[in-house]
1. Do we have any residue at all in the range 228-240 that's crowded, with 18+ Cβ neighbours inside 10 Å and over 22 Å from the mean Cα position of the chain (by Cα)?
2. Pick from the range 432-466 the residues that are of a type in the set (D, E, K, R) and assigned to a helix (DSSP H, G or I): which of them is surrounded by the most Cβ atoms within 10 Å (Cβ to Cβ)?
3. Any chance you could count how many residues in the range 322-359 are under 30 Å from S414 (Cα atoms) and surrounded by 15 or more Cβ atoms within 10 Å (Cβ to Cβ)?
4. Surrounded by fewer than 18 Cβ atoms within 10 Å (Cβ to Cβ) and out of contact with any Phe, Trp or Tyr (no Cβ under 9 Å at 6 or more places or on another chain): does that describe D192?
5. Looking only at the range 319-359, which residues are touching a strand residue (DSSP E or B) at 6+ places or on another chain (Cβ under 6 Å) and charged (D, E, K, R)?
6. What pairs come up if the first residue lies in the range 189-217 and is touching a residue at least 24 places away in the same chain (Cβ under 8 Å) and assigned to a loop (DSSP other than H, G, I, E, B), the second is crowded, with 17+ Cβ neighbours inside 10 Å and aromatic (F, W, Y), and their beta carbons are under 8 Å apart, counting only those six or more places apart or on different chains?
7. Taking only pairs six or more apart or across chains, which ones have beta-carbon atoms under 8 Å, a first residue in the range 91-118 that is within 18 Å of S417 (Cβ to Cβ) and free of Cβ contacts under 8 Å to residues at least 24 places away in the same chain, and a second residue that is among the polar types (S, T, N, Q) and in a loop (DSSP other than H, G, I, E, B)?
8. Only one of D43, D8 is in a loop (DSSP other than H, G, I, E, B), without any contact (Cβ under 8 Å) to a residue 24 or more places away in the chain, of a type outside the set (S, T, Y) and out of contact with any Phe, Trp or Tyr (no Cβ under 8 Å at 6 or more places or on another chain). Can you tell me which?
Amino acid sequence: MAKFMDEDFLLSNDIAKELFAAVKDEPIIDFHNHLNPREIYEDRCFDNMAEVWLGGDHYKWRAMRANGISEKLITGDGAPFDKFLAWADTVQNLIGNPLYHWTHLELQRYFGITKPLSPETAEEIWNECNAKLKTKEFSVRNLLRMQNVSVLCTTDDPADDLEWHRKIREDGFEIKVCPSFRPEKAIGIEKDGFVDYINNLSLVVEFRIDDTESLLKALELRLEYFIENGCRVSDHSLESLFFVPTNKKEVDEILKIRMAGVKLSEEQEGKFRGYMLTELGRLYAKHDIVMQLHIGAIRNNSERFFRMLGPDTGFDALNDFNYAPQLAALLSAMDLKDELPKTILYCLNPKDTEMLAAMAGTFCSNENGIKGKVQLGAAWWFCDHKNGMERQIEAMSDSGLISTSVGMLTDSRSFLSFPRHELYRRILCNKIGSWVENGEYPKDDAYLRAMVKRICGTNAVDYFKF
């Protein structure tokens, strides 16, 4: 019987072990996360494990709610140790859940603790971890150094002045902290705050936004500013009707109606989103920026808790709408004049995995030698577990070339989340090792080692041009 999460964790054959040994210490390129750049600049030190583990982590909050924990000990004003003890009780009950693996990888890699977390071990682990957190060696920047992070990309609004990114760069921090361009509020015409946001964006660019031409001009100016500050990637969340064929005149009228405070039909919203996504995609192609499309969330499903706690607090779920025709039309609209940017497609509902892998392969053609120009992204959010990672690797291999993948990301708000890259690397190496072990691919050691190194780092460097 294998030992609990030992050095051969998830590595079922000798080839997998050899491949993982080749990549386990490779630098981490984390091209999508939600970390706070101010905390990186200020090199924050956390007070205790409840703060660093449970503050803002809606993955853990969901698990604790499912375990019957009071909200006081999740997002409320409970004592930090009581919250940690409630989390420890939840962890012991998380068999089969990715949070169990993440928790113990973090304890091992950051704190050198190999014993399982449970109510019985909680106080000992609490004291040992807290003693280390209070030292400068466990500041935010040093936590990043511990995991050999080379590049990380935060998620930022076009109106952001990027003050903290600039200060980090001027401070000479050796890890690249790059902004990502996420114009959700400029496209979310259905949102209550849309009109106020457009008016605020007008103040930022210092001219009036009153049609799609001026809105796109404003967004391109902000994109250029982001690029000056290290941006290499954009990000979009597609959660409902996102492409209906239209034209500029019609979309200008839709924008005018909405700016007057009038509620739109779903079709009008889809026309606006589709037009803006298409035009933004062309801008990304012009400026050689990667476009990420995260598809399929249904958010804030508990009205009661949305009123109490707001968004991103653990009440989102995966949607089940069918969108293949919309996505094909959107990608084709950009591709028609060879203005489709490098694009990564992420699904939240696993039913869409194979569809996206096949769709990506339809739009890979280019004359610039870009490998995997459009590709299926890493297992995301509710798919970010062993089964989801294996399915993503298999789907990309079944329909295309896993060798062109840009690999893993954390999509996290936690500075302790980077061992997720290790989990992915173990699963990847085990999958490839199993194919070789089964006689499905030759045991070409030099090629296999080089390939897994590309997937775990250098593909992303080349693709994003970091």
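The values are calculated or read from the model by the stated rules, or taken from the named source; none is laboratory data. Predicted model only: the values in this text are computed from it and were never measured. Using ideal geometry, Cβ is built from the backbone for each residue, glycine included, and neighbour counts are taken over all protein chains shown.
1. no
2. R454
3. Step one: of the range 322-359, the residues under 30 Å from S414 (Cα atoms) are 341-354, 356-357.
Adding the requirement that they be surrounded by 15 or more Cβ atoms within 10 Å (Cβ to Cβ) leaves 341-350, 352-354, 356-357.
Total meeting the criteria: 15.
4. yes
5. Within the range 319-359, just K342 meets the criteria.
6. I189/F272
7. L107/T114
8. Criteria check complete, one pass: D8.
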